[in-house]
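See below for the structure under consideration.
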Amino acid sequence: MDGRLILTWLIVVLAIISLQSSGWASGMISHQNQPGRRKLRVQQDEEERNMWFAAAIEFERQNSQGSGSGDRSSRQYRYRDRVSGHSRLLNDYFVENPVYDETLFRRRFRLSRPLFLRILYTLQQHNDYFVQRRNAANTVGLSGEQKMTAALRMLAYGMSADSLDEYVRIGETTTIECVKRFCQGVVEIFGPEYLRSPNAADISRLLRKANQRGFPGMLGSLDCMHWAWKNCPAAYHGMYTGHVHRPTIVLEAVASYDLWIWHAFFGMPGSNNDINVLDASNLFANLQEGCGPSVNYTIMGNHYNMGYYLADGIYPKWATIVQSISHPQDLAHEFFAKKHESYRKDVERAFGVLQARFAIVRGPARFWHHEDLTFIMKACIILHNMIIKDERVDDNGLVAMASGNDDYDSLGTDGPVEVSRGPISFDHFMATNRAIRDSNTHYALRRDIIAHLWTLHGQGVIE
């Protein structure tokens with residue numbers, strides 16, 4: 001309870017006690033019960049009581065003036081006319097002949113209108129928070145379009161929460177709640193599909209593309225990105241501050257040639273380097289447990305049964321990671337370094353496109369809780385993959401909209417992939433872990449790739 005309110009009621013109670021005491025004392029003094037004297041005393045008590053109540057009310061009024069925004073008595077109700085804001089939003093983007101066409105919708109919302117409506121409909125089925133309802137006063141609340149628009153605008157532009165009030169007619173605190181609920185809903189609904197590991201069909205397609213590029217067995221490129229945490233609690237500054245000299249959170253990701261992000265491990269403090277993040281991530285968990293698709297390919301007559309990722313020089317010399325040559329000594333090594341550094345930029349390009357689409361992950365994070373930042377980052381990656389699937393460009397340079405028989409859902413005919421789903425023993429788990437970290441296999445694989453690339457270059461297949 002507010003301290004001023006307690007003090008006010010205390011004054012009132014003291015006034016009543018004082019009146020009762022004075023009345024009791026006067027009764028003891030008066031030995032005769034005279035009606036005129038009793039009437040006069042009642043009038044005096046009434047006047048004194050009114051004086052005490054008036055003093056208490058004046059005290060409360062003076063202390064309520066100039067109080068902070070946290071006091072309920074000082075808050076102002078703003079009639080935002082949410083219905084007109086909803087109508088304006090529908091007329092601008094969602095009617096049959098909107099004011100702004102599909103191109104402007106794609107530019108401002110970062111995704112197409114059909115994809116927007118599909119996500120909104122799925123969220124409404126999952127959480128009734130995005131369904132327009134009436135409150136206890138029978139007043140129409142915010143619509144699902146308004147809430148999702150506010151969330152997407154914050155993700156896309158990284159703007160402050162109260163900047164959407166004038167157009168969408170939504171308050172600051174409600175906007176922040178919309179962002180949190182939207183990101184959590186996207187992760188819960190679409191995460192199992194758009195943040196999954198590659199299946200057999202995906203690996204067949206990735207291997208086919210990698211073979212065309214001269215890197216048989218390549219599954220993508222691996223790297224880390226730091227996201228600055230502006231509102232990091234002071235107690236965590238030392239743990240989250242690394243080489244960038246400010247608190248950051250690390251994202252480890254694997255991206256393929258089409259910028260699809262297959263692996264996203266987020267949450268490690270910025271004081272860790274890429275090696276520490278790799279040791280803590282689950283990138284090779286399926287391979288170690290024997291529950292993921294295995295990859296089989298042959299390079300220069302040598303057979304390999306594990307795919308690999310292209311990475312920079314900080315990563316360890318493992319059999320599943322291929323690094324470039326910092327100082328090539330001959331033409332073959334120089335050609336390999338050139339191609340390696342070119343294809344390794346896939347993950348860098350994916351980071352750039354992700355930050356360009358969603359400015360909230362490009363600027364410093366302004367949320368306080370680590371869990372909220374995790375949902376935001378994963379939601380942005382899921383939306384990024386959904387946009388890629390929705391607006392994918394095929395080999396003929398045409399935009400192929402998502403369908404039931406697209407490349408992401410169909411199984412290729414070449415590049416057979418074996419899938420192991422049975423339980424494994426602890427000895428097999430340790431043997432697989434040693435095979436992943438084998439440096440001899442790493443150097444042998446890199447020598448074979450160098451020779452294979454140089455052979456293709458000599459044949460004119462790869463320039």
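Some points to look at:
- The label point for residue 137 and the one for residue 235, both projected 7 Å from the Cα toward the Cβ, are 3.9 nm apart.
- Taking 0.36 nm per residue of sequence separation and removing the Cα-Cα distance, the residue 102/residue 90 pair yields an extension gain of 3.0 nm.
- One quarter of the surface of the convex hull around the alpha-carbon atoms of region 150-263 equals 10.3 nm², the direction-averaged projected area.
- Karplus (6.51, -1.76, 1.60) ³J(HN,Hα), θ = phi - 60°, over region 225-231, in Hz, Gly and Pro reported as x: 9, 9, 10, 5, 10, 5, 9
- In this structure, the residue pairs whose Cα-Cα separation is over 26 Å, taken from 230/339; 180/209; 345/378, are 230/339; 180/209.
- Residue 430/residue 188 FRET efficiency (R0 56 Å; Cβ-Cβ; nearest 0.05): 0.95
- Potential extension, residue 305-residue 366 segment - 0.36 nm per residue separation minus Cα distance: 17.5 nm
- A 1.4 Å probe run over region 105-202, with the rest of the protein chains in place, finds 44 Å² accessible per residue.
- Applying 1/(1 + (r/R0)^6) with R0 = 25 Å to the Cβ-Cβ distance of residue 334 and residue 244 gives a FRET efficiency near 0.20.
- The phi-based Karplus calculation (6.51 cos²θ - 1.76 cosθ + 1.60; θ = phi - 60°) puts the 3J(HN,Hα) values of region 153-169 at 5, 5, 5, 6, 9, x, 7, 6, 5, 7, 6, 8, 5, 5, 9, 7, 6 Hz, whole numbers, x for Gly and Pro.
- Overall form of region 91-186 per C-alpha gyration tensor (a/c, 1.5; a/b vs b/c): rounded
- Each principal axis of the Cα cloud of region 203-248 was evaluated for its coordinate range; sorted largest first, these ranges are 50, 17, 13 Å.
- With all protein chains modelled, accessible area of residue 157 [1.4 Å, Å²]: 90
- Coupling constants for region 300-317 follow from the phi torsions by the Karplus curve (6.51 cos²θ - 1.76 cosθ + 1.60, θ = phi - 60°), and in residue order they are 6, x, 9, 9, 10, 10, 9, x, 9, 10, 7, 8, 8, x, 6, 6, x, 7 Hz; glycine and proline get x.
- Between amide H atoms placed 1.01 Å from N, distances below 5 Å from residue 297 occur with 304, all of them 5 or more places distant or on a separate chain.
- The relative contact order of region 297-336 comes to 26 percent, based on Cα pairs under 8 Å that sit 6 or more residues apart.
- Applying 1/(1 + (r/R0)^6) with r as the Cβ-Cβ distance of residue 326 and residue 296 and R0 = 41 angstrom yields a FRET efficiency of 0.85.
The values are calculated or read from the model by the stated rules, or taken from the named source; none is laboratory data. It should be emphasised that the depicted structure is a prediction, and the values quoted were computed from it without experimental measurement. For neighbour counting, all protein chains shown are included, and Cβ atoms are generated from backbone atoms with ideal geometry for every residue, glycine included. Side chains included, ligands, DNA and RNA excluded: accessible areas come from the protein's heavy atoms. Shrake-Rupley method; radii C 1.70, N 1.55, O 1.52, S 1.80 Å.
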